[in-house]
1. Only one of (1) under 21 Å from THR12 (Cβ atoms); (2) hydrophobic (A, V, I, L, M, F, W, C); (3) at pLDDT 75 or above is not met by ALA122, so which one is it?
2. Only one residue in PHE177, PHE182, PHE159, PHE171 is assigned to a helix (DSSP H, G or I), of a type in the set (A, V, I, L, M, F, W, C) and modelled with pLDDT under 80, so which one is that?
3. Just to be sure before I move on: is PRO149 assigned by TED's automatic domain parsing to the domain that holds SER242, surrounded by 20 or more Cβ atoms within 10 Å (Cβ to Cβ), closer than 17 Å to ILE254 by Cα and of a type outside the set (A, V, I, L, M) in the structure I sent?
4. Show the residue pairs that are 6+ apart or on different chains and have beta-carbon atoms under 6 Å apart, the first residue being within segment 85-105 and touching a residue at least 12 places away in the same chain (Cβ under 8 Å), the second being surrounded by 13 or more Cβ atoms within 10 Å (Cβ to Cβ) and among the β-branched types (Val, Ile, Thr).
5. Those residues that are within 19 Å of ALA104 (Cα to Cα) and surrounded by fewer than 19 Cβ atoms within 10 Å (Cβ to Cβ), I need them from segment 184-219; list them, please.
6. Which residue pairs have Cβ atoms under 6 Å apart, sit 6 or more places apart or on different chains, and have a first residue in segment 260-271 that is assigned by TED's automatic domain parsing to the domain that holds GLU197 and a second that is in a helix (DSSP H, G or I) and of a type outside the set (Ser, Thr, Tyr)?
Amino acid sequence: MKEWKCKICGYTHEGQEPPNQCPSCKAPKEEFEALMTASAQTVTGPEKREEMANAGPPAEEKPAAAPIVAVDAAKGRRWRCSVCGYIHAGNAPPDKCPICQAPAEKFVELDRKGKPVNKASAATAVAKPGIMARIFLSLHIHPILAHFPNGILPMVVLFMAGSIFLSYDTFVDNSTFYSLIFVLITMPFVLASGFFEWKKRYGGARTVLFAVKIFCAFLAAVCLAILVLWRTFDTEVMLTSSPYRLIYFVVAVIMLLAVVMAGHLGGRLVFRDRDR
């Protein structure tokens, strides 16, 4: 069996030939590259074999077989995190998943075909969602909704900084205010879809990554509500003459940092298999 990797999205395939089309990103088979396995690393070309024959037996103090055996043993078993899907190669699962920080007991050993060796433990690791939940997850509703705060709020904070520190512009002030209102309306749907995906796709895993992501999401929502309410009752808060304009801007920056952190952690989960 050979292992092939899609150069576009990082999907791995086992077989004598690469698939005609990547099931993940639909790239053609020409975009797959063969991965060098531990056994393939021991194969040498004619020139290398001739050089080894002329050199004679290797010195006893530098055995060549020991590192190869160690590599073969390390890559002989694979483990998949049942929370985020990260795959680890080694004799045992890691103490914690490097992606979602799930403990070692959340890892399931895989066979050569990528199927769980112990089906009972794989079934109890994360409950399989129902058909409606699978449809919701397959449509990627939460990543789509998360693009609203991730795309609009950086622009809002940038315009807000220009309005406060450069020159006051009524049009920019109103534009940022209406943008904040729009994001505030969409935020409940973003939080609800994120909570649903956390429960159904990741089994409600209580790890550091999800704890930080949930905290950042709620922090961003609270800061967003404060900004909208403050601007509603104090229409001149962003004026250069307002004594509260810097505090207002600091709250906006905290909101933006929380959104960026939540988006970064979400990206780690989505693009966990990429090494570039």
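The values are calculated or read from the model by the stated rules, or taken from the named source; none is laboratory data. Computed from a prediction, not measured in an experiment: that's the story for all the values here. Because the Cβ atoms are built from the backbone with ideal geometry, glycine has one as well, and the counts that use them run over all protein chains shown.
1. (3)
2. Answer to the selection: PHE171.
3. Yes: the conditions hold for PRO149.
4. From segment 85-105, the pairs are TYR86/ILE99; CYS100/VAL83; CYS100/THR207; GLN101/THR207; ALA102/VAL83; ALA102/THR207.
5. GLY203, GLY204, ARG206, VAL208, ALA211
6. MET261/CYS216; ALA262/LYS213; ALA262/CYS216; ALA262/ALA217; GLY263/ASN150; LEU265/LEU209; LEU265/LYS213
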